[in-house]
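The structure appears below as structure tokens.
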Amino acid sequence: MKKITIKDIAREANVSPSTVSRVVNKSAPVSTELEERVLEIIGNYGYSPDAVARSLRRGFTDTVAFVVPDITNPFFSLIIKGAEDFFKKYNISLIVCSSNHSAKEEERILDNLLSKKVDGLLFIGAGNESLELHELLSEFKIVFVDRAYSDIDSPYVVSNNYEGMKEVVKYLVQTGHKSFVLLNGEKGTYSATERLKGFVDTLNEFGIDSYETYFGQFTYECGAELVSQLKNIPDAIVCGNDLIAYGAIDALEERGVSVPDQVSVTGFDDLPFSKHYKPSLTTVKQPFYDMGYESARILWLMINGKTVKKKRVVLDTKLVVRDSAKVR
């Protein structure tokens, strides 16, 4: 069967091939009547333009990438969902890559994405920054998500990690907790650094100096491992995210320590499962879907050469009180 071409469509619609191209690529306006006639003929013939050839002509691949530290972490998956929903409106494909918390793997992924000539990049770094990583990132139209890099002049979309952590620690202090441990994620990442600042600053404001801080990864396994390192159980264990809190609660129960009767545990994210955990988790709600959607919108503007009016987006968080924290 003969392959249908853009010239065939143009002949059938009694228009020029350039008019058909404008309809297919949405590169210039045409009348509604003409557009409907062309689209009807395209539908009748089942015409599909050659995506590779079209991308070479336009200079775009209609593909963007999203690099995250861990695709199994629901927090990142929910951010990705927001970005994906935005890009679907413009028929842009989204490639998702997981670095497994490795800066070296990030470098390999970015090298690969450069060769594929993706139009842009959304990036959540795993920490452990390097000169090589920064040089690679500078090659992309890029929006950072849940991260901010002071020496790379690109937009970012984050939640208010600092105020969110201050709010949950203030709540714990005001409900009678006097000794604290922070179980945090990757040292050096923007979110972990901001949450550490919020934790320490709030305790200092209340004159509390009985606290310890630990760093690991934003994972369930890390929460369990860090709890095993604790010599003394404090009044409250404040966790850098919900996954760490899940691991901490399970490890405490295995040690015979009751949550929240003997120790309160809090998270940071408010993943969908957190309200169903046993006990249900007191945490800080992040607008993960909005983070993904807004970062995708900004990247779309950059790709299309439009002005990005607000390059530093900080979204509000909200304290969610449940059963894992108890009034002392």
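Here are the numbers for the structure shown:
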{"quantity": "Region 277-291 residues near the modelled LYS318 label - backbone nitrogen below 16 Å, point 7 Å along Cα→Cβ", "calculated": "282-291"}
{"quantity": "C-alpha long axis of helix 288-303 to longest principal axis of the chain, angle in °", "calculated": "40 degrees"}
{"quantity": "Simple spin-label estimate for LYS197 and THR5 in nanometres, 7 Å along Cα-Cβ", "calculated": "6.1 nm"}
{"quantity": "Inter-site label distance for SER77 and ALA103 at 7 Å from Cα along Cβ, in nm", "calculated": "2.9 nm"}
{"quantity": "Within the accessible area of the chain (1.4 Å probe), percent carbon and sulfur", "calculated": "49 percent"}
{"quantity": "Amide hydrogen neighbours beyond the local backbone of LYS141, cut-off 5 Å, H modeled", "calculated": "LEU121"}
{"quantity": "Amide H contacts of THR213 (H built 1.01 Å from N, under 5 Å, at least 5 apart or other chain)", "calculated": "LEU182"}
{"quantity": "Mean residue ellipticity (222 nm) of the chain, computed from DSSP H runs ≥ 4 via -39,500 (n - 2.57), nearest 500", "calculated": "-13500 deg cm²/dmol"}
{"quantity": "Helix 103-116 axis, angle to the chain major axis (alpha carbon atoms, nearest 10°)", "calculated": "10 degrees"}
{"quantity": "Gyration tensor over alpha-carbon atoms, region 261-325, equivalent ellipsoid semi-axes in Å", "calculated": "36, 11, 6"}
{"quantity": "Label-point gap, in nm, between LYS89 and LEU301 - each point 7 angstrom along Cα→Cβ", "calculated": "1.3 nm"}
{"quantity": "18 Å Cα-Cα threshold exceeded, pairs from LYS116/LYS141; LYS7/LYS116; LYS275/LYS318", "calculated": "LYS7/LYS116"}
{"quantity": "Region 59-112: trypsin sites (Lys or Arg not before Pro) in DSSP loop, at most 14 other beta carbons within 10 Å", "calculated": "LYS89"}
{"quantity": "Length gained when the stretch VAL96-ASP261 is fully extended (0.36 nm per residue, less Cα-Cα span)", "calculated": "55.2 nm"}
{"quantity": "Along each principal axis, Cα extent of region 174-289, largest first, Å", "calculated": "36, 33, 26"}
{"quantity": "Relative contact order computed over the chain (Cα-Cα under 8 Å; 6+ residues apart), in percent", "calculated": "18 percent"}
{"quantity": "Excluding exposed DSSP-loop chymotrypsin sites (Phe, Trp or Tyr not before Pro) (at most 14 other C-beta within 10 Å), longest clean stretch of the chain", "calculated": "91-205"}
{"quantity": "Degrees separating the helix 190-205 axis from the principal Cα axis of the chain, which is the longest one", "calculated": "30 degrees"}
{"quantity": "Identified option (computed P(r) over Cα pairs in 20 Å bins from 0, in percent; candidates (i) 32, 56, 11, 0; (ii) 29, 44, 20, 7, 0; (iii) 30, 55, 15, 0)", "calculated": "(ii)"}
{"quantity": "Qualifying GluC sites (Glu not before Pro) for region 130-178 [loop in DSSP, other Cβ within 10 Å: at most 15]", "calculated": "GLU139"}
{"quantity": "Solution diffusion estimate, µm²/s, Stokes-Einstein, region 161-222, Kirkwood Rh from C-alpha pairs, 10 °C, viscosity 1.306 mPa s", "calculated": "134 µm²/s"}
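The values are calculated or read from the model by the stated rules, or taken from the named source; none is laboratory data. Nothing here was measured: the structure is a model prediction, and the numbers come from that model. Glycine also receives a Cβ, built like all others from the backbone with ideal geometry; neighbour counts cover every protein chain displayed. Each accessible area value is taken on the protein alone, full model and side chains, heavy atoms only, with ligands, DNA and RNA left out. Shrake-Rupley method; radii C 1.70, N 1.55, O 1.52, S 1.80 Å.
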